[in-house]
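Working notes for the structure below.
The values are calculated or read from the model by the stated rules, or taken from the named source; none is laboratory data. As the structure is a computational prediction, the values presented were derived from the model and not from experiment. Virtual Cβ from ideal backbone geometry, glycine too; neighbours counted across all protein chains shown.
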Amino acid sequence: MTRTQGDAVPPEASVSLDHFIGLYEAKDDPWDTATKWHDQRKYAVAVASLPRPRYRRCYEPGCSVGLLSVMLAERCDEVLAVDCVDEAVSQARTATAGLANVRVERALLPAELPDGTFDLIVIGDLLYYLSGDDLNRMLDGMVARLEPGGDLLSVHFRDRENPGNYDGFHVHGAMAGHPGLERVVRHEDEWFVLDVFRRV
C-alpha cells in the first residue's frame, strides 16, 4: 500500500515507559531482533549505508539489546548507546561487555539527551513512538548535538498493512523537512525506510 504524508499523525502522547518495561518483562528481546532475518538485514544495510569508513563519536538512542551497538563499535572510536528500560540497558551492556569503546546508559528521551556533540547519530525504530511535540524536541536535540558535517542515520519500520499507523515513512518525512539536514543516502523497501542526513 502506498503511504502519503498526512495519511497518519503522531500519537497524541508518547508511548509510556511502562509500556516498554512491560514488553521486556514479557520477553527478553521483545522484537526478536537477534533472530529475525529482516532485522539482521536491516542492521547490515544500516552499517553499510554509513558514508564514511570511520567516525569519532557515535550516539545511539533507543539501543534496545545492543545488537546494532556491537556493529557500530567496529566503525566508531566511541559509542554512547542509551535506552529507557533497565532490562534493555542490562542486555546491551552484556552484549558490548568486551568492547572498551562502547558505553551503555539509561536515558528517557527526549528529556535526557546527552551532553556534548557527535559526528554520528544512529536512531532506529524509535521516533514513531513519540508525540508530535516530543518528535520535534527529539529532532531539534539531535540536530543540535550533531557536529557540522556529521551524519544522522535513521532507519524505521514501514507499515504497509495498516494505513492509519504513523510509521517510518512519516517520521522520515518530518526529518527531511527539518532545517539543517541534507539527505545523502536513501533506501526504501517493503520492511523499512533508511536515510542518512548530513548536518549542513
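Is it fair to say ASP119 is over 16 Å from the mean Cα position of the chain (by Cα), closer than 19 Å to ASP77 by Cα and not small (Gly, Ala, Ser)? Show your work before the answer.
Numbers: over 16 Å from the mean Cα position of the chain (by Cα): no; closer than 19 Å to ASP77 by Cα: yes; not small (Gly, Ala, Ser): yes.
No; evaluated as a whole, the condition is false for this residue.
Residues of region 130-160 being of a type in the set (Gly, Ala, Ser) and touching a residue at least 12 places away in the same chain (Cβ under 8 Å), which ones?
Result: SER131, GLY132, GLY141, GLY149, GLY150, SER154.
If THR2 meets every condition in (1) over 16 Å from the mean Cα position of the chain (by Cα); (2) at pLDDT 90 or above; (3) surrounded by fewer than 19 Cβ atoms within 10 Å (Cβ to Cβ) apart from one, which number is that one?
Of (1) over 16 Å from the mean Cα position of the chain (by Cα); (2) at pLDDT 90 or above; (3) surrounded by fewer than 19 Cβ atoms within 10 Å (Cβ to Cβ), only one is false for THR2: (2).
In region 107-125, how many residues are closer than 12 Å to VAL82 by Cα and assigned to a loop (DSSP other than H, G, I, E, B)?
Within region 107-125, residues that are closer than 12 Å to VAL82 by Cα and assigned to a loop (DSSP other than H, G, I, E, B) number 7.
Looking only at region 8-35, count every residue that is more than 18 Å from the chain's Cα centre (by Cα), part of a loop (DSSP other than H, G, I, E, B) and surrounded by fewer than 15 Cβ atoms within 10 Å (Cβ to Cβ) and tell me the total.
So the count comes out to 6.
Assuming VAL104 fulfils every condition listed in (1) surrounded by fewer than 20 Cβ atoms within 10 Å (Cβ to Cβ); (2) among the β-branched types (Val, Ile, Thr); (3) outside any loop (DSSP other than H, G, I, E, B) apart from one, which condition is it?
The one condition VAL104 does not meet is (1).
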